[in-house]
1. What are the ³J(HN,Hα) values, in whole Hz, obtained from phi via the Karplus relation 6.51 cos²θ - 1.76 cosθ + 1.60 with θ = phi - 60°, for each residue of the range 36-47 in sequence order, with x given for Gly and Pro?
2. Run through the DSSP bridge list for the range 3-141 and note the antiparallel percent, rounded to the nearest 5.
3. Can you work out ³J(HN,Hα) from phi for every residue in the range 23-35, in order, using Karplus 6.51 cos²θ - 1.76 cosθ + 1.60 and θ = phi - 60°, giving whole Hz and x for Gly and Pro?
4. Can you sort Ile11, Ile63 by how many other beta carbons sit within 10 Å, fewest first?
5. Can you tell me the relative contact order of the chain? Whole percent, Cα pairs under 8 Å, sequence separation 6 or more.
6. When only DSSP loop residues count, what trypsin sites (Lys or Arg not before Pro) in the range 53-143 have their Cβ near at most 13 other Cβ atoms within 10 Å?
7. In debye, nearest 20, what is the charge dipole magnitude of the chain about its Cα centre with +1 on Lys and Arg Cβ and -1 on Asp and Glu Cβ, if you could check?
8. For the chain, what does -39500 (n - 2.57) per DSSP helix run (n ≥ 4), summed and divided by total residues, give at 222 nm, in deg cm²/dmol to the nearest 500?
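What follows draws every value from the coordinates through simple rules; no lab data is involved. Since this is a predicted model, take the numbers as computed values, not measurements. Glycine gets a Cβ as well: all are built from the backbone with ideal geometry, and neighbour counts include every protein chain shown.
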Amino acid sequence: MKVGIIGSGRIGSNVGALLAQAGHEVFYSFSRSEDKLKRLAAEAGDESRWGTPAQAAAFGEVILLSPPYTALDSALQEAGDMAGKIVLDTVNPFTAQGPAYAEGGTAAEAIAGRLPRARLVKAYNHIHYQDIAEQHHAEPPLVAFICGDDPDAKAVGGQLVADTGFYVWDLGELAAARWTEPHGPLFNRPMTQEQAAPIVADLPPLSRA
Ligand SMILES: NC(=O)c1ccc[n+]([C@@H]2O[C@H](COP(=O)([O-])OP(=O)(O)OC[C@H]3O[C@@H](n4cnc5c(N)ncnc54)[C@H](OP(=O)(O)O)[C@@H]3O)[C@@H](O)[C@H]2O)c1
């Protein structure tokens, strides 16, 4: 698939490299360094490209949205319309003062509100970039939780996450991002499927959370 990457830092570059290794075409954007974008595209191989966020958004059938929360406004503004696109949202809402939302509020839902015509899937945000870089295709695999309100988008996005070497676990609706974003019990806690099962089973229903 064609994947436009907006934010080519620790997450964007590592996920991009794994997607390219799995045979997907990647387009890197939204770095402050053109040289870095060129280098990442060269390392990812012949099918890889780099350019502006608007070009990445136009290129991708799927968009990996991975800017820092503090640069989210410019990333979205520069990317422009993502109507109909599947957007893998990796963003954790950290500011200089700490997490931006109290427990319960999520960046996922805030971003979905700003991209009402995109098909948002929360992904990768609970996994430390070093685990993405070093623990992909582990045996047994680490769990990568996803959630979202569009089942078809989750099927496509989830397959991409699986292609990068993780066991994909669908937590359900987008509001489940409250479990994987910074205040949540699944945040930054690398787990196999077996280790995750009792923790997920203990999560209260979202309606009562
Ligand atoms: N780090 C983790 O382990 C981790 C894990 C899961 C999710 N996340 C989330 O995923 C997102 C990306 O995280 P990351 O660790 O990949 O971030 P990062 O390494 O800081 O990369 C951010 C990317 O955005 C670019 N960017 C463009 N304008 C920027 C600006 N004004 N200020 C800062 N960066 C700017 C950076 O440019 P340059 O290339 O010039 O630096 C870089 O390519 C964040 O929302 C984060 O919370 C992070």
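1. Result, ordered by residue: 5, 4, 4, 5, 4, 5, 5, 5, 7, x, 4, 7 Hz.
2. Once the DSSP bridges in the range 3-141 are tallied, antiparallel ones form about 10 percent.
3. With the stated coefficients, the range 23-35 comes to x, 8, 8, 10, 10, 8, 8, 6, 10, 7, 10, 4, 4 Hz.
4. Ile11, Ile63
5. 18
6. Arg117
7. It comes to approximately 380 debye.
8. -10500 deg cm²/dmol
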